[in-house]
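Only one structure is covered here, and it is reproduced in the block below.
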């Protein structure tokens, strides 16, 4: 339960809605019990007397309880859902607060949209926490307490039996099944994971499977896994039916016991028979409120797991870094014996890389795909921490500067640049909230997108723009940011080469004093760079100017030769 | 929903079990009420002793056991039925994926297909495990209860007959209204709920621009808006269910009054009948309401079922095969005659004719979208031929045995797929049976990956692919080459990488293809000038048609588009 403390706290922050929901929930429950009780009493009374007044009074009570129950139920739903959705909002904000400091590193470490989909799904699934986990037992407890108090007045045995019934159906049985579920849950998850992985292989590797005549074998494997997963789901489903039926059965047995004890004491003359029907009806009615508890074990497990997963994502402490600000003016950046290893990999993505990027220099990082170019850039810009070695900014260890101050001085274009739903204007203003329309339009002009209006809609992830347009917009955003150091990761790979060259030229002309570090898999036009850094398998192979590298006929020369052979 | 229902009713034994169990359960409910009432009637009205009513208590216990037991069995049957139908759906989906001719040529939509197989199928669960059992119970039990009520007091029965129909009618109106409301708010809801994801996705960008802090307010705002819009929708749903509940409460109230009147004023109803009716009536209405909520669950399955139907109803063409076995190790002559292929509206390849001599090297070139990959897939036998023929040593391919054809073929794509497993398994996938460690070493050596593998702590037992060690693009290429060296094919289809690989892989690739081509025909989608030059024939595709065929010298002399390519290649100014 401790895993859910945080969610519970967030839920309880909505004191008013939560307490109103509980009050109306209890009222609704009690009214429905009262309705059945009064109908039981009505019939018994009617069997004995011929008085119309009794009938009318009780009849009116019936109506009142019926209406009361329905209206309370309505209010209960309203308040509990309102509280839930407010809580979800709080949860999002609180999760965001914890994720925000970690995000750049996490995202580049795990490089997957899976992470985000999981976060969103888990946050959504926690909406069941109030509605189906926290709230039903509390309301039930109060309804039962009220009912038990009422029955004590007529029959202590009935009260005791109801208390036992509550403990069994609201506590013991759900707890037992939640425990069982937890024990076997991993098997369902595992079988699901296995099936989904095999299916992905089947689909992604279909051609290779077919040519290597392995399709039949794979199909057999998948169909076995389908069976396995199905069996696990079947067991899970049966378990749920079992828990539900068990609860229902216990409730009925308790009602039977109340009837039996009531009948015994009535026969013995210790209980007025007038109340017997009422007590039985109370028992039947109060247990009808128990229905939501049947789903409790699975919702509890789900909420618990979601909370654990969310916690595990943001559990990592943010990196401890110095809080110094960067010095004003241009920066020179170096790395000394820099290494980085991605989690769950043995081979370093960066291996002992030492480079110098003097202030005002233009450097290209090149190498085959997977050679560590983007990783080097990410470590240089302090998104990823160095595993060993260090990054120096103006000869000082970058660890002493805060991330904010480093990022403030960088104009970054990543391989994947995010665009938010909104307008072009709102997306550009992220770089400079004070920029006026003229400045924004000028930036667009610089990247040859002057024809775009600032009012243009930007859809989810900027999907209404082509890859090349998005790259150019990202450059426009970087222009507006006005940092000192440009860190560009294949910024024009989807832009046609003429425009790409034009944009580069403009940037170099407009900011001759500033430092440029550009990752490129394209080896043309590198003559203009002061320095070219060549990576392979995370290792620094060569560095030097274009002419130097071409003259030495080393690795870069080899790559260049291949490139001339390749026609896209 | 009709398709799902049909699937359910094909499960005859489950359905009959549900019918029998529902009837039993209905009987148990009536029995339970009878015994309850008999006990109360006994001690309260008839002043019986406890011993006299003991048999009724035992009867009641039996009724309770049957009621719970049948409830359990009904639930189980539902779960069983859902499980077996889901299994059937999954197998059908796999079958359908397999028969999709495009699957072998494109990797797109694979993610969607996995989610169809996993999530969409699971979404139908509620339909079979909850809705169908409830549906059958709702057909049987209320009628039984109504009959029992009629037997005791026909006026009560009449009141129910008049009021009960309001419930399903209202349910339909409620459902429709809520759906309309939800549809109306859909765009808004999606936008608000999308904001959170949007911000999370862009968090790196935001932080790099120093905008992290400001987003908290935005999340708060959109969450609040989301809440308010959702509450609007929910309010109308809750309001309707309030009305619904009120109708059933009202009916119960009217019945209570009527029963009371007849009991007190007219004195023509026994306590037994009155109490019996008062126990059964709420049960009756609960059954109807339960059906309503089950119906709601069922509706959630509909869109999933629609997605599956789309997949099932896709047009399928199969590659045709025969039973002629190809001789092992003999490099065949390939004659492609008037080959055409189109898919949907897309026209991909038309009237391609080509004679490929044994041991020749063919380069296929052309702009992207000119049909190069389609041609490769057609030759490989991965796509069905619309028109024309491929002759293998004079025999149409559709008369060749599928397995014996693929035994002769290797296809080295730009991004070879590594399966989850060890490096050894990934190389050995090239052949049937169990190749020896020596053979695998040998193949890996030829593909230039042996040293790298040996340098790993676990050597050939290193796990790669999903959940294993990541290999670089170049290393994957070399694994694919090792597969080919092990397999010793007579036909090699090779999709040359468009981007530069590391120098070592580039060198190995050239050497390996040269070596493999000594014992095979090699057809390459070529991107490197030396590959093109070294080919015996160059096939220039333009817009799905062969624009020119011939050796380098011939095309360089006579074919302008090819000539236009060349200065670019030799001049060094790439772009």
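The values are calculated or read from the model by the stated rules, or taken from the named source; none is laboratory data. This structure is a prediction, so every number in the text was calculated from the model and none was measured. So basically every Cβ, Gly included, is an ideal-geometry build from the backbone, and we count neighbours across all protein chains shown.
Kindly provide the set of residues from the range A:364-382 that are within 11 Å of chain B (Cβ to nearest Cβ), in contact with a strand residue (DSSP E or B) (Cβ under 9 Å, 6 or more places away or on another chain) and on the phi < 0 side of the Ramachandran plot, ordered by number. Listed by number, the residues that qualify are A:366, A:368, A:371, A:378, A:381. With respect to the numbered conditions (1) surrounded by 15 or more Cβ atoms within 10 Å (Cβ to Cβ); (2) part of a helix (DSSP H, G or I), which one is the sole condition not fulfilled by residue B:286? Status for residue B:286: all satisfied but (1).
No other residue among A:250, A:333 is in contact (Cβ under 8 Å) with a residue 12 or more places away in the chain and either more than 30 Å from residue A:394 (Cβ to Cβ) or within 12 Å of chain B (Cβ to nearest Cβ) (or both) apart from A:250. Among the residues of the range A:430-450, write down those that are in contact (Cβ under 8 Å) with a residue 24 or more places away in the chain and part of a loop (DSSP other than H, G, I, E, B). Across the range A:430-450, the qualifying residues are A:430, A:431, A:432, A:435, A:447, A:448, A:449. Of the strands (runs of 3 or more DSSP E) lying entirely inside the range B:289-386, those containing at least 2 residues that are touching a residue at least 40 places away in the same chain (Cβ under 8 Å), surrounded by 14 or more Cβ atoms within 10 Å (Cβ to Cβ) and under 33 Å from the mean Cα position of the chain (by Cα) are B:334-343, B:346-356. Report yes if residue A:356 is touching a strand residue (DSSP E or B) at 6+ places or on another chain (Cβ under 9 Å), surrounded by fewer than 22 Cβ atoms within 10 Å (Cβ to Cβ) and modelled with pLDDT under 90, otherwise no. No, not satisfied. When each of B:9, B:36 is tested for being under 18 Å from residue B:145 (Cα atoms) and outside any loop (DSSP other than H, G, I, E, B), the lone residue that passes is B:36.
Tell me, please, whether a residue that is under 25 Å from residue B:206 (Cα atoms), without any contact (Cβ under 8 Å) to a residue 24 or more places away in the chain, within 11 Å of chain B (Cβ to nearest Cβ) and under 31 Å from the mean Cα position of the chain (by Cα) can be found in the range A:398-407. Taking every residue of the range A:398-407 in turn, at least one turns out to be under 25 Å from residue B:206 (Cα atoms), without any contact (Cβ under 8 Å) to a residue 24 or more places away in the chain, within 11 Å of chain B (Cβ to nearest Cβ) and under 31 Å from the mean Cα position of the chain (by Cα).
Scanning the range A:263-289 for residues that are under 16 Å from residue B:42 (Cα atoms), assigned to a helix (DSSP H, G or I) and facing chain B (nearest Cβ under 8 Å) yields a count of 9.
Among helices (runs of 4 or more DSSP H) entirely within the range A:111-212, having at least 2 residues that are within 14 Å of chain B (Cβ to nearest Cβ), under 21 Å from the mean Cα position of the chain (by Cα) and free of Cβ contacts under 8 Å to residues at least 12 places away in the same chain singles out A:113-125, A:173-204. Of the numbered criteria (1) closer than 30 Å to residue A:384 by Cα; (2) facing another protein chain (nearest Cβ under 7 Å), the one residue B:245 fails is (1). For the range A:72-88, a residue qualifies if it is at the interface with chain B (Cβ under 7 Å from one of its Cβ atoms) and over 13 Å from the mean Cα position of the chain (by Cα), and the qualifying residues are A:73, A:74, A:77, A:78, A:81, A:82, A:85, A:86. For the range A:519-568, the tally of residues that are away from chain B (no Cβ under 13 Å) and either at pLDDT below 90 or under 30 Å from residue B:524 (Cα atoms) (or both) stands at 1. When every residue of the range B:461-474 is checked against the conditions, at least one turns out to be crowded, with 24+ Cβ neighbours inside 10 Å and assigned by TED's automatic domain parsing to the domain that holds residue B:444.
Listed by position, the helices (runs of 4 or more DSSP H) inside the range A:495-568 whose residues that are closer than 23 Å to residue A:350 by Cβ number at least 1 are A:546-552, A:555-565.
For (1) surrounded by fewer than 22 Cβ atoms within 10 Å (Cβ to Cβ); (2) modelled with pLDDT of 90 or more, each residue gets a yes or a no:
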{"site": "A:122", "(1), (2)": "yes, no"}
{"site": "A:126", "(1), (2)": "no, no"}
{"site": "A:151", "(1), (2)": "no, yes"}
{"site": "A:156", "(1), (2)": "yes, no"}
{"site": "A:167", "(1), (2)": "yes, yes"}
{"site": "A:172", "(1), (2)": "yes, yes"}
{"site": "A:181", "(1), (2)": "yes, no"}
{"site": "A:190", "(1), (2)": "yes, no"}
{"site": "A:200", "(1), (2)": "yes, no"}
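Of all residues in the range B:480-506, exactly one satisfies the criterion of being touching a residue at least 24 places away in the same chain (Cβ under 8 Å), surrounded by fewer than 21 Cβ atoms within 10 Å (Cβ to Cβ) and in a helix (DSSP H, G or I), namely B:504.
Taking the range B:256-273 as the range and being touching a helix residue (DSSP H, G or I) at 6+ places or on another chain (Cβ under 7 Å) and either touching a residue at least 40 places away in the same chain (Cβ under 8 Å) or more than 9 Å from every other protein chain (Cβ to nearest Cβ) (or both) as the test, the residues that pass are B:258, B:259, B:268, B:269, B:271, B:272, B:273. The residues listed here are A:217, A:248, A:237; of these, the one that is out of contact with any helix residue (DSSP H, G or I) (no Cβ under 6 Å at 6 or more places or on another chain) and assigned by TED's automatic domain parsing to the domain that holds residue A:286 is A:217. Among the listed residues B:514, B:548, identify the single one that is without any contact (Cβ under 8 Å) to a residue 12 or more places away in the chain and more than 9 Å from chain A (Cβ to nearest Cβ). Selected residue: B:514, the only one of B:514, B:548 that is without any contact (Cβ under 8 Å) to a residue 12 or more places away in the chain and more than 9 Å from chain A (Cβ to nearest Cβ). Here residue A:494 clears all of (1) under 27 Å from residue A:453 (Cβ atoms); (2) modelled with pLDDT of 90 or more except the condition numbered (2).
Take residue B:8 and tell me if it is farther than 22 Å from residue A:243 by Cα, more than 14 Å from chain A (Cβ to nearest Cβ) and at pLDDT 95 or above.
So residue B:8 does not fit the description; no.
Any residue that is within 34 Å of the chain's Cα centre (by Cα), surrounded by fewer than 15 Cβ atoms within 10 Å (Cβ to Cβ) and modelled with pLDDT of 90 or more - is there at least one of those in the range A:442-455? Yes - at least one qualifying residue is present in the range A:442-455. The helices (runs of 4 or more DSSP H) falling completely within the range B:102-210 that include 1 or more residues that are at pLDDT 90 or above map to B:132-152, B:154-163.
Against the condition more than 7 Å from chain B (Cβ to nearest Cβ) and farther than 23 Å from residue A:184 by Cβ, how does residue A:220 come out, does it pass?
yes
Residue check: residue A:316 meets all listed conditions (1) surrounded by fewer than 21 Cβ atoms within 10 Å (Cβ to Cβ); (2) under 26 Å from the mean Cα position of the chain (by Cα); (3) not in a loop (DSSP other than H, G, I, E, B) but one, namely (3). Residues in the range A:458-467 that are surrounded by 15 or more Cβ atoms within 10 Å (Cβ to Cβ) and either within 14 Å of chain B (Cβ to nearest Cβ) or within 24 Å of the chain's Cα centre (by Cα) (or both) were compared, and the one that is nearest to residue A:499 (Cα to Cα) is A:462.
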